[in-house]
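Presented below is the structure to which this report refers.
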Amino acid sequence: MTSKLLSTLPSDLNPEKIPQHIAVIMDGNGRWATSRGLPRIAGHRQGAKTLKELLRCCKDWGVKALTAYAFSTENWQRPVEEVDFLMHLFERLLHRELAQMLREGVRISFIGDLSALPKSLQTEMERSMTETLNNQAIHFTVAVNYGSRNEITKVCRQVAQLVQQGKLNAEQVNESLVEQHLYTADTPEPDLLIRTSGEMRLSNFLLWQMAYTEMYFTDILWPDFNREAFHQALLSYQRRVGVARRRHRRFGQLKASLSA
Ligand code: IPE
Ligand code: IPE
Ligand code: MG
């Protein structure tokens, strides 16, 4: 009964204006830990709990896709102990949470250059993607060793090879072809981006995909980003989108192409 009550959408949120796809840049784990006199890795551990809670909340509130930035192509430059800890954390979490994700209808995907990750992690990732492939409740994508510039460069290389092999004319290269070669080919673009910890930049995340995404920045550090903080982000989104669909979010046209 209690969990049923908790899972209800807050009454001030409009169920018809829930973003279908939310992207999150989970930032501030290190600062959260340091401010408590803890090692940075304690922040990552707590941050993983936050992500698990957010995934459940998204599912409860009718969000159909959640994409989380867990490790960027630039994050390899961190101290080796921190990188190792994160790789082990991803693997442990996947191992531990897979059964529950299966039960709850979560489809999990990973995007990024996975080939550079530890082999045992790659195996867990492959297994979880295969086992949850037909799940429908929510599509949960985790970006690991992901960088947009790397992704777009990879697309350029693949398309150039097709042209070189004579399978494609240069004139046939268009936006939809580029999109088909992105990691996110089967996912609609994010409607809302949330970044925590007060930083206001994209840090090489989904640059192509977020051309028209609404953005929400909060000073809250990722490990503290709870249901109430998420509720506030959605309220802000809904206030803007009510107007935006009619006025601003019109994808460069004079009239909005989406109905209000
Ligand atoms: C985000 O938190 C998590 C990862 C990048 C893996 P940070 O580790 O960047 O935390 P801050 O920004 O140093 O506080
Ligand atoms: C972005 O956070 C990457 C992830 C959240 C995984 P960072 O903390 O690495 O980004 P910068 O260095 O502040 O741009
Ligand atoms: Mg950071």
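The values are calculated or read from the model by the stated rules, or taken from the named source; none is laboratory data. Source: prediction; values computed, not measured. FYI the Cβ positions are ideal-geometry reconstructions off the backbone, even for glycines, and counts take in every protein chain you see. Note: areas computed on protein heavy atoms with side chains; ligands, DNA, RNA excluded. Shrake-Rupley method; radii C 1.70, N 1.55, O 1.52, S 1.80 Å.
Brief remarks on what is shown
- If you check 187, 141, 132 for being modelled with pLDDT under 95, open to solvent by less than 40 Å² (accessible area, probe 1.4 Å) and under 26 Å from residue 63 (Cβ atoms), only one passes: 187.
- Count of residues meeting criterion [closer than 24 Å to residue 61 by Cα and surrounded by fewer than 19 Cβ atoms within 10 Å (Cβ to Cβ)] in the range 97-129: 9
- Flag for residue 234 being open to solvent by less than 60 Å² (accessible area, probe 1.4 Å), more than 16 Å from ligand 3 (Cβ to nearest atom) and either at pLDDT below 95 or under 19 Å from residue 59 (Cα atoms) (or both): yes
- In the range 112-224, counting only helices (runs of 4 or more DSSP H) that sit wholly within it, the ones holding 2 or more residues that are under 30 Å from residue 95 (Cβ atoms), without any contact (Cβ under 8 Å) to a residue 24 or more places away in the chain and away from ligand 1 (no atom under 16 Å from the Cβ) span 119-132.
- Single condition residue 49 does not satisfy, out of (1) within 10 Å of ligand 1 (Cβ to nearest atom); (2) surrounded by fewer than 18 Cβ atoms within 10 Å (Cβ to Cβ); (3) touching a residue at least 60 places away in the same chain (Cβ under 8 Å): (1)
- Residues located in the range 22-52, provided they are away from ligand 2 (no atom under 16 Å from the Cβ) and within 21 Å of residue 200 (Cβ to Cβ): none
- Within the range 57-74, not a single residue is within 16 Å of ligand 2 (Cβ to nearest atom), in a helix (DSSP H, G or I) and closer than 29 Å to residue 115 by Cβ.
- With respect to (1) in contact (Cβ under 8 Å) with a residue 40 or more places away in the chain; (2) within 13 Å of ligand 2 (Cβ to nearest atom); (3) more than 28 Å from residue 8 (Cα to Cα); (4) assigned to a helix (DSSP H, G or I), the lone exception for residue 83 is condition (1).
- Test for residue 19: is it in contact with a Leu (Cβ under 7 Å, 6 or more places away or on another chain), away from ligand 3 (no atom under 16 Å from the Cβ), part of a loop (DSSP other than H, G, I, E, B) and touching a residue at least 24 places away in the same chain (Cβ under 8 Å): yes
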